[in-house]
Amino acid sequence: MVMTVCVFSCQLNPCENDAKCHRKPSSSHGYICDCGDNHYGQYCQHRIDHQCPRGWWGSPACGPCHCNTSKGFDPDCNKTSGHCHCKEFHYHLRGSDSCLPCDCYPVGSFSRSCDPESGQCQCRAGVIGRQCNMCDNPFAEVTQKGCEVIYDGCPKTITLGIWWPRTKFNLPAAVSCPKGSVGAAIRHCDVERGWLEPDLYNCTSPPFVELNAALESVERNETELSTIMEKKLAHQLRDVTEATPRLYGNDLQIAERLLSRLLTFESLQTGFGLTATQDAHFNENVLQGCSAVLGPGSASLWRAQIQAQGGAGGLADLLEQYAQTLAQNMKLTYLNPVALVTPNIVMNLDRVENHTHVRRRFPRYHSPLFRGQALWDPHTHVVLPPAALVPQRHQRKENTHIHHSH
C-alpha cells in the first residue's frame, strides 16, 4: 500500500542562500523566496556582484527606488527589479496602491506579522478575525490560551473601533469614543443577551469640535452674526459634513443648532442683506449641510434626540421659510433662479410667466446649472397645475419647491 503525504512547499526548503520562503497561492509555485539584498532569482540562487546602497537599485549603475513611504512602502526596493515592497508588519491588498499595517492583536495572535496579501494575522486556537481580536462565542474573551468563556459578565471585546472592558452583568461600561473623536461611549451588559449595541450618541467627530467652538461664540454673543459670518459658517459646515462620513449624535446637534441660526437670521433679511446676494455658493453650502443631517442615515439619531429643539421637522420648516424669503426677494435683488440638487434634498427657485395656462415642470434646466454635480435625473420632476400659477396673463409669480427624500 502506497501512502501519499502532502507537505507545504516551504517545508522542503526550496530557497537557497538563507532566503526566507513565504506562502503565496497566486504565484506559479505557490510560494516565493525573499532573497534579501545580496541574491536574486526564483530560488535566490544568483549572487548580486554589484551592491547598491539602501534605497537604490540596478546593475551596473544604481538608481533611486521611488517607493512611497507615506503609503506604507519600505524605502528600500528589490536590488534587481526595483520592485517596491511593504514595510515590516504591513500587507498589500491586490489592486491597492498602498500598504496597510497588520495591527495584529498581541493577545490573540502569535506574532506581529501577517499574510503579505490578505493581512490575516496568525490566530491562537478558537480566535477569529483578521487581527485575531474576536471570539465566535459572544460570551468568550480572547486570552493567551485562546478563547475563554466568561461566566459572570460580558467579555473584553472590540466593537466599532472601541475596546470594551470586561463588565459584570446588568452594569454599564463607559469608555472614550473611537480614536480621533471626543466624548464618552456607553454600552450595557445584559445577563441574557450579553453586550447590547454600543451608544455613541454623545461622541463628537474632530471636525465638529472646531465648528462647535465657532457656534458657541455666536451663541454667547461674543461673535456677531453678519453676512460675512454667515458666509464663513455655511462654508465651514459644508466642509465638515463632507469630511465626516458617519455622524454621531453630538455632530447632529451641532449641525442643527448652526443651521437653525443661519436660516433664522437669513429669513429676517431683505434685499441685498441676504447672504445669497453676496456669496454665490451660500445656498449650495446650506443645502448640502441640511442634506447631510436630514438624510436616511441620520434617522436613528433624530429619534434618539431629546426634543428640546424643533427636530428634523423644525429644521425642514426653517429651510422652507428661508426659500420663501428668497422667492420674495428675487425681483428686488435680481437673484438668478436656484436649481440645487443634493443627495437628499432638491431645491428649485424660479420665476415663471403664465402665458399659456399649461402645467409647468420643474426643474426645467439642464446640467450646466448644477455646478460640479452629476446630470440631474431627467425623469424626476415636480409638475405644477395651472391653478398654482397666477391667472393674469402677464403677471409674474415666484415659485419655490423643496423636495425631501423619504
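Could you tell me which residue of the range 108-125 is nearest to Thr143 (Cα to Cα), considering only residues that are hydrophobic (A, V, I, L, M, F, W, C) and buried (at least 16 other Cβ atoms within 10 Å of the Cβ)? By that ranking, first place goes to Cys123.
Among the residues of the range 6-28, those that are under 18 Å from His83 (Cβ atoms), within 42 Å of the chain's Cα centre (by Cα) and part of a loop (DSSP other than H, G, I, E, B) comprise Ala19, Lys24, Ser26, Ser27, Ser28. Annotation: of all residues in the range 113-152 being within 25 Å of Phe73 (Cα to Cα) and of a type in the set (Ser, Thr, Tyr), the one that is farthest from the chain's Cα centre (by Cα) is Ser113. Looking across the range 281-307, the residues that are part of a helix (DSSP H, G or I), of a type outside the set (Gly, Ala, Ser) and either over 23 Å from Tyr322 (Cα atoms) or out of contact with any strand residue (DSSP E or B) (no Cβ under 9 Å at 6 or more places or on another chain) (or both) come down to Phe282, Asn285, Val286, Val293, Pro296, Leu301, Trp302, Arg303. Of everything in the range 255-274, what is among the hydroxyl-bearing types (Ser, Thr, Tyr) and either surrounded by fewer than 14 Cβ atoms within 10 Å (Cβ to Cβ) or under 14 Å from Ala327 (Cα atoms) (or both)? Give them in sequence order. Selection gives Thr264, Ser267, Thr270.
Residue-wise test of (1) closer than 17 Å to Glu210 by Cβ; (2) of a type outside the set (S, T, N, Q); (3) in the same structural domain as Gly183 (by TED's automatic domain parsing); (4) outside any helix (DSSP H, G or I).
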site	(1), (2), (3), (4)
Glu230	no, yes, no, no
Ala234	yes, yes, no, no
Leu237	yes, yes, no, no
Thr241	yes, no, no, no
Pro245	no, yes, no, yes
Asn250	yes, no, no, no
Ile254	yes, yes, no, no
Thr264	no, no, no, no
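Per-residue answers, yes or no, for (1) closer than 25 Å to Tyr201 by Cα; (2) out of contact with any Leu (no Cβ under 8 Å at 6 or more places or on another chain):
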| position | (1), (2) |
| --- | --- |
| Met229 | no, yes |
| Ala234 | yes, no |
| Thr277 | no, no |
| Leu318 | yes, no |
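Each residue in the range 76-100 was checked for being under 16 Å from Pro64 (Cβ atoms) and either small (Gly, Ala, Ser) or part of a loop (DSSP other than H, G, I, E, B) (or both), and 6 of them qualify. Can Asn285 be described as under 23 Å from Asn221 (Cα atoms) and either among the hydrophobic types (A, V, I, L, M, F, W, C) or buried (at least 19 other Cβ atoms within 10 Å of the Cβ) (or both)? No, not satisfied.
This table checks each residue for (1) closer than 14 Å to Arg257 by Cβ; (2) basic (Lys, Arg).
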position	(1), (2)
Leu294	no, no
Arg303	no, yes
Ala312	yes, no
Ala327	no, no
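Taking every residue in the range 15-35 that is free of Cβ contacts under 8 Å to residues at least 12 places away in the same chain and pairing it with any residue that is among the charged types (D, E, K, R), at least 6 positions away or on another chain, the pairs with Cβ-Cβ distances below 8 Å are Ile32/Lys24.
Yes or no, residue by residue, for (1) closer than 30 Å to Lys231 by Cα; (2) in a loop (DSSP other than H, G, I, E, B); (3) within 19 Å of the chain's Cα centre (by Cα):
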| site | (1), (2), (3) |
| --- | --- |
| Asn170 | no, yes, no |
| Ala174 | no, no, no |
| Pro178 | no, yes, yes |
| Ile186 | no, no, no |
| Cys189 | no, no, no |
| Glu197 | no, yes, no |
| Tyr201 | yes, yes, yes |
| Leu211 | yes, no, yes |
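The values are calculated or read from the model by the stated rules, or taken from the named source; none is laboratory data. Here the structure is a predicted model, which is why all the values come from computation and not from measurement. We place every Cβ from the backbone using ideal geometry, glycine too, and count neighbours over all the protein chains shown.
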